[in-house]
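Participant: Sending over a structure as structure tokens; questions will come in a sec.
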Amino acid sequence: MHVVVVGCGRVGSALARTLTETGHTVSVIDKRPESFARLPSDFTGKSISGVGFDRDRLRDAGIEEAGALAAVTNGDNSNILIARVARETFGLENVVARIYDPRRAAIYQRLGIATVATVAWTTERVLRRIVPDEAAVEWIDPSARVSLVERSISSAWAGRVVSDIEALGQVRVAVVGRLGVGQVPRDNLVVQEGDVLYITAAADGLEALDALLASPPKGHH
């Protein structure tokens, strides 16, 4: 696949390097020619100087043959404009924009532009390291109605089955991680203390889910 990467900072250069190493062709656009020094010496893609929303520069980068575009400059407005030009002018569906403001990211996701909210992503993972017991939310859909959450199983739930958790309603256990190995669970899978569950749940039901996991119904196996 051919990919256009706009922005040759730390993220863009690493993305370009990884894509070429895995067999894709890449064109990188950056308004600062000196930024291309971040690319590896054996980089086989194209390096194009200019602004990423310039249609001629995008054509030079091969956007008309591209399967994807990543807008990863250091400006939210630029990244969104680049993504919109790629989608609306060139009809490219597989577009992602890096956004620093999480509120903006949610808005643009509702418009169909996939976003990576850098600040929210980083904050979440720092919190996970310094406050490991903090309830983690891995993903929230653009409407904020459904969440994918990570929860650890306590000794209170050991010996019970996955279906006991799903009996709450509006909850599905998608993956059970055990000793570093993930599995898609059956309803009758017995959970163990220390298991890590990835659960899809209605956003307004997270409090009930956490209450259930903290104190399972007595005699319910």
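Computed from the coordinates by the stated procedures, all read-outs in this text should not be read as laboratory data. Since we're looking at a predicted model, the values are computed, not measured. Note that we place each Cβ from the backbone using ideal geometry, even for glycine, and neighbour counts take in every protein chain shown.
Participant: Exactly one of (1) surrounded by fewer than 14 Cβ atoms within 10 Å (Cβ to Cβ); (2) in a helix (DSSP H, G or I) is unmet by residue 112. Its number?
Facilitator: So the condition that residue 112 fails would be (2).
Participant: Still on this model: On the given criteria, is residue 27 closer than 22 Å to residue 113 by Cβ and hydroxyl-bearing (Ser, Thr, Tyr)?
Facilitator: Numbers: closer than 22 Å to residue 113 by Cβ: yes; hydroxyl-bearing (Ser, Thr, Tyr): yes.
Judged against the criteria, residue 27 is a match.
Participant: Let me ask another. Which strands (runs of 3 or more DSSP E) sit wholly inside segment 145-221 and have at least 1 residues that are touching an Asp or Glu at 6+ places or on another chain (Cβ under 6 Å) and more than 30 Å from residue 109 (Cβ to Cβ)?
Facilitator: On the way: elements: 146-152, 171-178, 181-183, 196-202.
Because the criterion is at least 1 residues that are touching an Asp or Glu at 6+ places or on another chain (Cβ under 6 Å) and more than 30 Å from residue 109 (Cβ to Cβ), the strands (runs of 3 or more DSSP E) in segment 145-221 that meet it are 171-178.
Participant: Could you check segment 142-189 and list, in sequence order, the residues that are farther than 16 Å from residue 216 by Cβ and in contact (Cβ under 8 Å) with a residue 40 or more places away in the chain?
Facilitator: 144, 145, 146, 147, 148, 149, 150
Participant: Any chance you could count how many residues in segment 190-205 are touching a residue at least 60 places away in the same chain (Cβ under 8 Å) and within 18 Å of residue 154 (Cα to Cα)?
Facilitator: Taking segment 190-205 first, the residues touching a residue at least 60 places away in the same chain (Cβ under 8 Å) are 198, 203.
Of the ones still in play, those that are also within 18 Å of residue 154 (Cα to Cα) are 198.
Number satisfying all stated conditions: 1.
Participant: If a residue counts only when it is touching a residue at least 24 places away in the same chain (Cβ under 8 Å), which strands (runs of 3 or more DSSP E) contained entirely in segment 1-96 have at least 2 such residues? Let's see the steps before the verdict.
Facilitator: Working: elements: 2-6, 25-30, 46-49, 68-71.
The qualifying strands (runs of 3 or more DSSP E) are 2-6, 25-30, 68-71.
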